[in-house]
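Every number in this text was worked out from the coordinates using simple rules, so none of it is lab data. All values reported here derive from a predicted model rather than from experimental measurement. All Cβ positions, glycine included, derive from the backbone under ideal geometry; neighbour counts span all protein chains shown.
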Amino acid sequence: MIQATDITKSFGPVKVLRGLDFQAADHEVISIVGASGAGKSTLLQILGSLSRPDTGKVLIDGTDIFSLSSNALADFRNRRIGFVFQFHHLLPEFTAIENVMIPALIAKASASDARKRACELLESLGLGHRISHKPSELSGGEQQRVAIARAMVNNPSVIFADEPSGNLDSRTKKEIHQLFFDLRDRSGQTFVIVTHDRDLAAMSDRMLEMRDGLFCN
């Protein structure tokens, strides 16, 4: 599903990624761990097309993403890639269901189809009774579930998650961790998760550790 080769990235004189290779199979859950500054989030942003590498190539499901035009890349990202972040980035003025609908509307789904899909996802994540609530009316765990539903709404091939449980209490962390595997089994996505949480990493199909811009193993 994902193949990245010879990825380098520098910020000024600081080399963050040093010729890194990465692969992920269909339906695989991979966790990337390592100390702060190892390059984990930079790699995730490149794999997810949010940042361009200085050198190297990233293929997602056979598409060389950085060979696409800006408009084609934005469309590919919206339809084929989902993102979950530590800070939920929900729009505060919109309800849960409206937040989830946004990527589908951007992909030109009809409002009725987008609402139906968003409602189904929120129901499946145990939030059917909260669809009309705004983010300020939801707990941290509920907000993260809304963010996960938003990432899933266009049925993407790949979900990238950056510290998805970093702000949650231990009980909610376990629920969110298990949710990723339930979603993979139910919907078949590939998940790439950057985390400091070794418990989550240990649950993954594969754990990769980064140090100084390269994988240790």
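What the table shows:
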quantity	calculated
Residue of Leu68, Leu17, Leu43 that the Gaussian network model of the chain assigns the largest fluctuation, springs spanning Cα pairs under 10 Å	Leu68
Three-way shape label, the stretch 96-146, alpha-carbon gyration tensor, a/c 1.5	prolate
Filter on Lys40/Lys174; Lys9/Lys173; Lys57/Lys116; Lys40/Lys134 - keep pairs with C-alpha separation over 25 Å	Lys9/Lys173; Lys57/Lys116; Lys40/Lys134
Alpha carbon centroid spacing (whole Å) that separates the stretch 128-160 from the stretch 1-63	26
For the chain, built as a Gaussian network whose Cα springs stay under 10 Å, the top-fluctuating residue of Phe85, Phe181, Phe94	Phe94
Cα long-axis angle, helix 70-80 against the chain (0 to 90 degrees, to the nearest 10)	60
Whether the stretch 1-79 is rounded, prolate or oblate, judged on the alpha carbon gyration tensor where a/c under 1.5 counts as rounded	oblate
Rounded tilt (10° steps) of 96-106 against the dominant C-alpha axis of the chain	60
Electrostatic dipole magnitude of the chain [Cβ: Lys, Arg +1; Asp, Glu -1; Cα centre; debye, to 20]	260
Cα gyration tensor shape for the stretch 50-133, rounded if a/c is under 1.5, else prolate or oblate	prolate
Answer label for Rg/Rh (Cα atoms, Kirkwood Rh) (calculated), chosen among (i) 0.99; (ii) 1.04; (iii) 0.96	(iii)
